[in-house]
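Visitor: Following this message is one structure expressed as structure tokens.
The values are calculated or read from the model by the stated rules, or taken from the named source; none is laboratory data. Keep in mind that what you see is a predicted model, and the values were worked out from it rather than measured. Here the Cβ is made from the backbone with ideal geometry for all residues, glycine too, and neighbour counts use every protein chain on show. Ligands, DNA and RNA are excluded from the accessible area calculation, which covers all protein heavy atoms including side chains. Shrake-Rupley method; radii C 1.70, N 1.55, O 1.52, S 1.80 Å.
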Amino acid sequence: RTSLFFVRKNQTKMKFIASVLLFALLSATVMAQTEIKFEIDDFNAEQFLLAQAPGAITMESQFVTQTSSVNDNAILGGARDMSLTITESSGQAVLTSTVGNGDWSTAVPVRASGIAFIQYDGPDNSAN
């Protein structure tokens, strides 16, 4: 009886160790897979937007929006539409959105807020 108990206990222990090793092997296999990346925009086709608030903006009817489009073969679909909207300002303010040299950057002064977005929907020259 003692030996049967010992054999069953060792079998259970071996199964557990085998399960842990199998899990480790599968995890390593999943982690080692090659990741496929696709660049949608290299941000080298230059684009610049400037939106200017003439004074306080407190209501949606006062929002200031500027849009721009650029066509380039390095962009997914061949075109990038960019939009910049001032949604709030306590006085005169200038917001910018710039693409170039591999970066997209926006600048908003402390006294204002806004929304900047980029859209990839082909060469339609419209940010809508």
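Visitor: Kindly list, by first and then second residue, each pair from a residue in region 106-128 that is touching a residue at least 60 places away in the same chain (Cβ under 8 Å) and over 17 Å from residue 51 (Cβ atoms) to a residue that is part of a strand (DSSP E or B) and not β-branched (Val, Ile, Thr), limited to pairs with Cβ atoms under 9 Å and residues at least 6 apart or on different chains.
Guide: Every condition considered, the pairs that remain are 120/41; 120/79; 120/80; 120/81.
Visitor: Of the residues in region 41-63, how many are surrounded by 13 or more Cβ atoms within 10 Å (Cβ to Cβ), more than 25 Å from the chain's Cα centre (by Cα) and under 27 Å from residue 121 (Cβ atoms)?
Guide: Number of matching residues: 2.
Visitor: In region 16-35, is there at least one residue being at pLDDT 90 or above and of a type in the set (D, E, K, R)?
Guide: No, every residue in region 16-35 fails to be at pLDDT 90 or above and of a type in the set (D, E, K, R).
Visitor: Taking only pairs six or more apart or across chains, which ones have beta-carbon atoms under 9 Å, a first residue in region 46-63 that is without any contact (Cβ under 8 Å) to a residue 60 or more places away in the chain, and a second residue that is open to solvent by less than 70 Å² (accessible area, probe 1.4 Å) and part of a loop (DSSP other than H, G, I, E, B)?
Guide: Within 9 Å, the pairs are 53/91; 55/91; 56/91; 62/55; 62/56.
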